[in-house]
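Engineer: The structure under discussion is supplied below as C-alpha cells; questions concerning it will follow.
None of the figures in this text is laboratory data; all of them are computed from the coordinates on show. Just so we're clear, the structure is a prediction, and the values are computed from it rather than from any experiment. FYI the Cβ positions are ideal-geometry reconstructions off the backbone, even for glycines, and counts take in every protein chain you see.
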Amino acid sequence: MTNITDLKVAELRDGFRKGDFSARDVAVAFNEAVAGAKALNAFIVTTPDHALAAADAADKARAAGDLKLLSGVPIGMKDLFCTKGVQTTAASHILEGFVPPYESTVSGKLWAAGAGMLGKLNMDQFAMGSSNETSAFGNVISPWKRNDGGNAALTPGGSSGGSSAAIAAHLVPAATGTDTGGSIRQPAAFTGISGVKPTYGRCSRFGIVAFASSLDQAGAMAHDVRDCAIMLEAMSGFDPKDSTSLDAPVPNWEAGLSSNLKGKRIGIPKEYHAEGMPAEIEALWQQGIAWLKDAGAEIVNVSLPHTKYALPAYYVIAPAEASSNLARYDGVRYGLRDLPDGAGLQDMYAATRAAGFGAEVKRRIMLGTYVLSAGFYDAYYTQAQKLRTLIAQDFDKAWAQCDLLLTPTAPSAAFGLGEKQDDQLAMYLNDVFTVPASLAGLPAMSVPGGVDGQGLPLGLQVIGKALDEQGVLNACLALEERAGFTARAEKWW
Amino acid sequence: MSVDETIVRKVASLARIALSEAEVAALVPEFNALLNWVDQLGEVDVSGVQPMTAVIPNTLRLREDVVSHDPTTGGDVRDAVLANAPAAQHGFFGVPKVIE
C-alpha cells in the first residue's frame, strides 16, 4: 500500500471516497508525520484531536452518503487565522495565549467543507518577513538541503514558511497561507510546492490577524495546481463581515482546469530582468516561455514601466497600514500586558508593545508611523499611493496586449538562515517580483519549474487579470505538466 | 531628509513603543537607509495621478441601521469579549489609574 502522507489532496479525497482508506487512517498518518517533525519547527501548536474529530465525522458522512468537498482531508492552518478555541498568535509574543472566541471565515469554510486541522503553522511575526526568521517561536527550518555536502539550515521562505515547509515535508497535504507582498508565492517557490494568491477580495479577511489590510489576501498552498484549485474553491466566497469582500460567484476552478492554452497570449514583462539575477533563474524563465508556447500560447513582449517603484511603494504603504492596524495591541483588551511598577496608562502601552513585538515588527510600525506623521504624509504616503495607481495602470495597459504574464517568482533560490539577517534591504528584495501583483490586487500563482545547481527548487509565477484565477491556474497547469517536477526533500528530520 | 536620534525617539513615542538608548542608536542608520531607498519614489512625475483607494472596484455596502445579533460581530457577548483581557474586572477592561 502507498504511504498515505505521500498522497495529494485530490488523491486523498478520491481514495477516501472509493474506500481505499478511512478518513481516520489519513488523520492518524498525518498526525504521526507532524509529531515526528519537531526539528522543522513548522507548527506553533498541533491539533491532532481536531484532525481526528473531522476524520470521524467524514467517516460517518461517507457511510451516510453525505460527503463534502474536503471530507477526509486534513490540512494545516497558518497561525494568522483565528481558530475558535485554539491559540492564535500571528507568531508574536504579544498574542501568546490568545484563544479566539470566534472562527475566521476562511477556516470556518474549510471546516464546513469537511477538512480537519493538523495544527497552527509557524510564520513570520505578523506576516512581516520573507524568511521565517521573525517568528517569536523560532525559525522554521526548510526540509530542503543544498547538495553541496554542507548541512546549512535553509529558509522555507516567508511569511507562510510553516505552511511551505510542512507541505514540502509531507506533514500536511495542503495549508492556508496569506499573501501581502508575496508571502504565499515566495515560500512556495523556495520549497518546490504550488501556491496561489487569488484576486484581492476573493477570500474574506474576517478573523485573519491584520497586517496591511489593502494588500492582505488569503490563498492556498499545496503540492500541485489541482490541489490549490480545490482548496481555493473551499476558501473563497462573499462575506458580509469583510467590507472589501467581493460579491462574485466562486467558479468551479477544479472542473475548469485545462492546460490547452491555444488562443492565450502570455506577456513577458521586460522590467523583470532584474540586475544580478542568477543565470539559472533567467534560464528557467526562458524554459517557461518555451513550455507555454508548447501548450499553444502566443508569447508577447510587454512593458510594466513602473515596476522598479513597486517595492519602495510597498515599503511605505504596508508599514503605514501596519502601524495603524497594530495600534490595537495595547495590553488592555487581549494579549500581553506589561505594567511596570507605578506605571500609568501611557507607560503601560509603551512597555507592553516593547516587550510584545519583535524587532522587525517594531521597525515597520515605526516606519509606518513616520511616513504617516504630520509633514511627511504627502511626501511618502500619498506619493506611494499615486505610484500604486501607476503600477495598477501598467497592468491594465498590458492586458490590452496579453491575457496573462509569466515571470520568475523570486530572484534567488532559498538562502541560508541568518545569511540576510543584517541587511534589511537585501531581505526586502526577495519580494521584488511578487509585490507588483499584490499592489494591483491581481491573482498570481507560483509553481515549481526545476532545481538550481545546488538542487534547490525554483519557481515560476503567472499573474492574471482581476477575477481570472482560472486563467492563472490553467497556465500554471501547463507549466506543471511540462516541468515534470518530482524533486523532493530527502528526509533528515 | 535625514533622521536623527531625536526623530527616532519622537516616532517611538507616537507609536507607543518603549526603546532603549541602544535600540534608538541602532534604528537611526536603519531608518536612514530605508528612507533613502524609498526617496526614489519622488523622482516620478505624478501630476494628475489619483492616489489608489481601492485595487478592485467595489461598492461599500451599508447594513441596516439596527442592533446586530450576529453571534460573532453583534452585541450581547460581553464575556466572550473579555475572555482574553489581561485584567478584566466587574465586566469591564481593567486599566491603571488614569486620573490623579
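Engineer: Could you give the radius of gyration (one decimal) and Dmax (whole number) of the Cα atoms in segment A:250-396, in Å?
Structural biologist: Taking only Cα atoms of segment A:250-396, I get Rg and Dmax of 23.0, 72 Å.
Engineer: Between 0 and 90 degrees, rounded to the nearest ten: what's the tilt of helix B:21-38 against the longest Cα principal axis of chain B?
Structural biologist: The answer is roughly 70 degrees.
Engineer: Find the centroid of the Cα atoms in segment A:161-193 and in segment A:295-331, then give the distance between the two in whole Å.
Structural biologist: 20 Å
Engineer: Along its principal axes, what span do the Cα atoms of segment A:116-238 show, with the longest given first and each in whole Å?
Structural biologist: 49, 30, 24
Engineer: Follow-up question, since we're still on this one. Please give the Cα centre distance for segment A:99-113 versus segment A:51-88, rounded to the nearest Å.
Structural biologist: A separation of 11 Å, based on Cα centres.
Engineer: Top mean-square fluctuation among B:PRO57, B:PRO71, B:PRO29, Gaussian network model of chain B, C-alpha springs under 10 Å?
Structural biologist: B:PRO71
Engineer: Set the Förster distance to 56 Å, then compute FRET efficiency between A:ALA64 and A:ARG265 from the Cβ-Cβ distance, nearest 0.05. Kindly include the intermediate steps, with their values, before the conclusion.
Structural biologist: On the way: r = 48 Å, r/R0 = 0.86.
Once the sixth-power term is evaluated, E becomes 0.70.
Engineer: Report P(r) for segment A:27-108: all Cα-Cα distances, bin width 10 Å, range 0 to the bin holding the largest distance, values in whole percent.
Structural biologist: Computed distribution, short to long bins: 16, 42, 33, 8, 1.
Engineer: So for the pair A:ASP347, B:SER47, with labels modelled 7 Å out along Cα→Cβ, what separation do we get in nm?
Structural biologist: Result: 5.4 nm between the two label points.
Engineer: Please report the projected area of segment A:245-313's Cα convex hull averaged over all directions, in nm².
Structural biologist: 7.5 nm²
Engineer: Here's something else I'd like to know. Shape call for segment A:352-493 from the C-alpha gyration tensor, a ≥ b ≥ c root eigenvalues: rounded (a/c under 1.5), prolate (a/b greater than b/c) or oblate? All intermediate terms of the calculation are to be shown ahead of the outcome.
Structural biologist: On the way: a/c = 2.74, a/b = 1.23, b/c = 2.22.
Oblate, because a/c is 1.5 or more while a/b does not exceed b/c.
Engineer: I've got another one for you. Taking 1 over the mean of 1/r across every pair of different Cα atoms in segment A:1-152, what Kirkwood radius in Å do you get? Don't skip to the end; give the middle numbers.
Structural biologist: Working: mean 1/r = 0.0609 Å⁻¹.
Over segment A:1-152, the inverse of the mean reciprocal pair distance is 16.4 Å.
Engineer: Another one. Could you tell me which of rounded, prolate or oblate describes chain B, using a ≥ b ≥ c as the square roots of the eigenvalues of the alpha-carbon gyration tensor, with rounded for a/c under 1.5 and, failing that, prolate when a/b is larger than b/c and oblate otherwise? Walk me through the numbers on the way to the answer.
Structural biologist: Details: a/c = 3.68, a/b = 1.31, b/c = 2.81.
Since a/c reaches 1.5 but b/c is at least a/b, the shape of chain B is classed as oblate.
Engineer: Let me ask something additional. Could you go through segment A:356-373 in sequence order and give the Karplus-derived ³J(HN,Hα) for each residue, using 6.51 cos²θ - 1.76 cosθ + 1.60 with θ = phi - 60°, rounded to whole Hz, and x for Gly and Pro?
Structural biologist: Calculated HN-Hα couplings, in order: x, 8, x, 4, 5, 5, 4, 4, 6, 4, 5, 4, x, 4, 5, 6, 9, 6 Hz.
Engineer: Here's something else I'd like to know. Report the residue, chosen from B:ASN32, B:ASN84, B:ASN58, that carries the largest GNM mean-square fluctuation when chain B is represented by alpha-carbon nodes joined by springs under 10 Å.
Structural biologist: Judging by the Gaussian network model, the answer is B:ASN84.
Engineer: Assuming R0 = 22 Å, can you tell me the calculated FRET efficiency for the pair B:LEU62 and A:LYS84, based on Cβ-Cβ distance, to the nearest 0.05?
Structural biologist: Working: r = 28 Å, r/R0 = 1.29.
It comes to 0.20.
Engineer: On a full-extension model of 0.36 nm per residue, what is the gain between A:SER258 and A:LYS308, subtracting their alpha-carbon distance, rounded to one decimal in nm?
Structural biologist: Values: separation 50, 0.36 × 50 = 18.00 nm, distance 3.34 nm.
Contour length minus the Cα-Cα distance gives 14.7 nm.
Engineer: Right, something else. What average count of beta carbons from other chains do you get within 10 Å of the Cβ of residues in A:437-448? Numbers along the way, then the final one.
Structural biologist: Numbers: counts 0, 1, 2, 3, 5, 2, 0, 0, 0, 0, 0, 0.
Counting Cβ atoms of other protein chains within 10 Å of each residue's Cβ and averaging gives 1.
Engineer: Taking Rh as the Kirkwood radius computed over C-alpha pairs, what is the Stokes-Einstein D of the protein assembly as shown at 4 °C in a medium of viscosity 1.567 mPa s, expressed in µm² per second? Spell out each step's value before the answer.
Structural biologist: Working: Rh = 24.3 Å.
In µm²/s, the coefficient is 53.
Engineer: Can you spot the lysines whose alpha carbon is less than 20 Å from B:LYS10's alpha carbon? Ignore those fewer than 8 places along the same chain.
Structural biologist: B:LYS10 reaches A:LYS362.
Engineer: Write down the Kirkwood hydrodynamic radius of segment A:195-302, to one decimal in angstroms, obtained as one divided by the mean of 1/r over all alpha carbon pairs. Could the numbers behind the result be given before it?
Structural biologist: Values: mean 1/r = 0.0607 Å⁻¹.
That comes to 16.5 Å for segment A:195-302.
Engineer: Taking amide H atoms as placed 1.01 Å from N in the peptide plane, list the residues 5 or more away in sequence, or in a different chain, whose amide H sits under 5 Å from that of A:ARG265.
Structural biologist: A:GLU298, A:ASP403, A:LEU404
Engineer: Follow-up question, since we're still on this one. Quick one: if you stick a label point 7 Å off each Cα along the C-beta vector at B:ILE99 and B:ASN32, how many nm between them?
Structural biologist: Simple spin-label model gives 4.7 nm for this pair.
Engineer: At a 10 angstrom cut-off on C-beta neighbours, averaged per residue, how do the peptides A:383-389, A:332-338, A:269-275, A:287-293 rank from highest to lowest?
Structural biologist: Put in order of decreasing packing, that is A:383-389, A:332-338, A:287-293, A:269-275.
Engineer: Next up: Once you have the Cα-Cα distance between A:GLU96 and A:ASP49, take 0.36 nm times their residue separation minus that, and quote the gain in nm to one decimal. Present the calculation step by step, with values, prior to reporting the outcome.
Structural biologist: On the way: separation 47, 0.36 × 47 = 16.92 nm, distance 2.10 nm.
Extra length from A:GLU96 to A:ASP49 when fully extended: 14.8 nm.
Engineer: Around A:ALA174, which amide H atoms from residues at least 5 apart in sequence, or from another chain, sit under 5 Å from its own amide H, with H modelled in the peptide plane?
Structural biologist: Placed amide hydrogens put A:GLY76 under 5 Å from A:ALA174.
Engineer: Considering every residue in A:387-399, what mean count of other chain Cβ atoms within 10 Å of its Cβ is obtained? Don't skip to the end; give the middle numbers.
Structural biologist: Working: counts 8, 5, 7, 5, 1, 3, 2, 0, 0, 0, 0, 0, 0.
Going residue by residue through A:387-399 and averaging, the value is 2.
Engineer: Something else: Between A:VAL300 and A:GLU481, what FRET efficiency follows from the Cβ-Cβ distance if R0 is 22 Å, with the result rounded to 0.05?
Structural biologist: Details: r = 22 Å, r/R0 = 1.01.
It comes to 0.50.
Engineer: Quick one: which of A:444-456, A:101-113 comes out on top by average Cβ neighbours within 10 Å, and what's the full order, highest first?
Structural biologist: A:444-456, A:101-113
Engineer: Related question: Apply the Karplus parameterisation 6.51 cos²θ - 1.76 cosθ + 1.60, with θ equal to phi minus 60°, to every residue of segment A:290-300 and state each ³J(HN,Hα) to the nearest whole Hz, in sequence, with x for glycine and proline.
Structural biologist: Each residue's phi maps through the Karplus curve to give 5, 4, 5, 4, 4, 7, x, 7, 9, 9, 10 Hz.
Engineer: Compute the separation of the alpha-carbon centres of segment B:60-83 and segment A:359-376 and state it in Å as a whole number.
Structural biologist: The distance from the Cα centre of segment B:60-83 to that of segment A:359-376 comes to 32 Å.
Engineer: Right, another one. Working out 0.36 nm times the residue gap between A:ALA112 and A:LYS293, then minus their Cα-Cα distance, what length gain in nm do you get to one decimal? Write down the numbers at each step before the final one.
Structural biologist: Numbers: separation 181, 0.36 × 181 = 65.16 nm, distance 4.02 nm.
Going from the current span to full extension adds 61.1 nm.
Engineer: What are the ³J(HN,Hα) couplings of segment A:98-112, residue after residue, when phi is run through the Karplus curve with 6.51, -1.76, 1.60 and θ = phi - 60°? Round to Hz, x for glycine and proline.
Structural biologist: Taking θ as phi minus 60°, the curve returns 6, 10, x, x, 9, 10, 5, 4, 5, 5, x, 5, 5, 5, 5 Hz for segment A:98-112.
Engineer: Ok, one more. With 19 Å as the limit, write out which pairs from A:LYS78/A:LYS465; A:LYS264/A:LYS397; A:LYS270/A:LYS420; A:LYS120/A:LYS420; A:LYS18/A:LYS78; A:LYS308/A:LYS386 have Cα-Cα distances beyond it, or answer none.
Structural biologist: On the way: A:LYS78/A:LYS465 27 Å; A:LYS264/A:LYS397 17 Å; A:LYS270/A:LYS420 27 Å; A:LYS120/A:LYS420 26 Å; A:LYS18/A:LYS78 30 Å; A:LYS308/A:LYS386 14 Å.
Result: A:LYS78/A:LYS465; A:LYS270/A:LYS420; A:LYS120/A:LYS420; A:LYS18/A:LYS78 exceed 19 Å.
Engineer: Further, regarding this structure: Sequence-distant or interchain residues sharing an amide H contact under 5 Å with A:ASP79, placed H: which?
Structural biologist: Amide H neighbours of A:ASP79: A:LEU121.
Engineer: Taking only DSSP H segments of four or more residues, each worth -39500 (n - 2.57), what value at 222 nm results for the protein assembly as shown once the sum is divided by all its residues, to the nearest 500 deg cm²/dmol? Let's see the in-between values first.
Structural biologist: Details: 18 runs with 206 residues, N = 593.
Counting only the DSSP helices, I get -10500 deg cm²/dmol.
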